[in-house]
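Everything on this sheet refers to the single structure shown next.
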């Protein structure tokens, strides 16, 4: 056989092998990346457990995996069940409106609204008189709302399964951390020399900082929200606190959905004063945590614009599912920092336009 043909066959076999490996790993790309992010973020805890376990990496990895199950999977399971029950209750509550129609007069609090109250009242009365128009309107609102609520429940259920798989990967990564760490360090040196090693260190700091900013801010908002729920006497404080924690990771509107819903519940129950308190607590307490704490935490490693966080969250959810809430902003922040570092490393080697002009003179 011609040596050149033999080399081509070898290259083709290696390429096919790589394609096969990529095809096998592709469905697990998101969970593997998120497992790596969690491992980088919780590495100090793992090292502490490793010391307490006398250097037994299997036991340390197992203990940390159990801790992650208790902190992530159990609350997600409870919250998914609560959301499913809430969707069913909402559907049962709205169905009578489709069957019996609206009452002839709106609630008094709607009529008493300034400026828009009289207009809403007239529109309400028109809908109550016209059964066909009212049914069309209710169906237009009911069907999308039901689909959105079911999609949210499905997203949380999917996230529950993803988190279980992530923790499964975390166990094996932490068990053999020294092997993967040495391989990464060697690979970065082979590919980029000193720059590759610096990029690896920068990536670790960026991932840790962004995750600390996202998760730390969500935890702080959840604690502040829990205090407000307890003061206002809102029931289901534990479930609402967990919901605030997970929804707070969605920028701008996340936590607002929870505390605003609690305020509406208080108002409908005749507790107007506590409803006003809940709105003020949400605006100046819960939301202020996101405005002030998240930039401080994230700026330690990377200056992450709000637009990048928003795009990272929603784009991450579309690509990776629930874990994209964490993974999307982290990947964008990492890409931004690495590109900046690479440009800063490359630019000094290239004469600037001003220097070129001075040289020509």
When the chain is fully extended, how far beyond the present Cα-Cα distance does residue 182 get from residue 10, taking 0.36 nm per residue of separation? 59.1 nm
Simple SL model, points at 7 angstrom along Cα→Cβ for residue 110 and residue 59; separation in nm is 6.4 nm
Got a sec? How would 21, 53, 39 order by Cβ neighbour count within 10 Å, fewest to most? 21, 53, 39
Taking 110, 309 and counting other C-beta atoms within 10 Å, the order from fewest to most: 110, 309
Inter-site label distance for residue 231 and residue 344 at 7 Å from Cα along Cβ, in nm: 4.1 nm
To the nearest 0.05, what FRET efficiency results for residue 45 and residue 78 with a Förster distance of 22 Å applied to their C-beta separation? 0.40
I want to check the label-to-label distance for residue 122 and residue 223. Put each point 7 Å from Cα in the C-beta direction and report it in nm to one decimal. 5.2 nm
Kirkwood estimate for region 190-263, i.e. one over the average of 1/r between Cα atoms, Å: 14.1 Å
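Taking region 206-346, how much of its Cα-Cα pair set, in percent, is spaced more than 27 angstrom apart?
Taking all Cα-Cα pairs of region 206-346, the fraction more than 27 Å apart is 27 percent.
Each reported figure results from applying straightforward, stated rules to the coordinates on display, with no laboratory input. The structure displayed is predicted, hence computed values, not measured ones. Ideal geometry is used to build each Cβ from the backbone, glycine not excepted, and the neighbour counts take in all protein chains shown.
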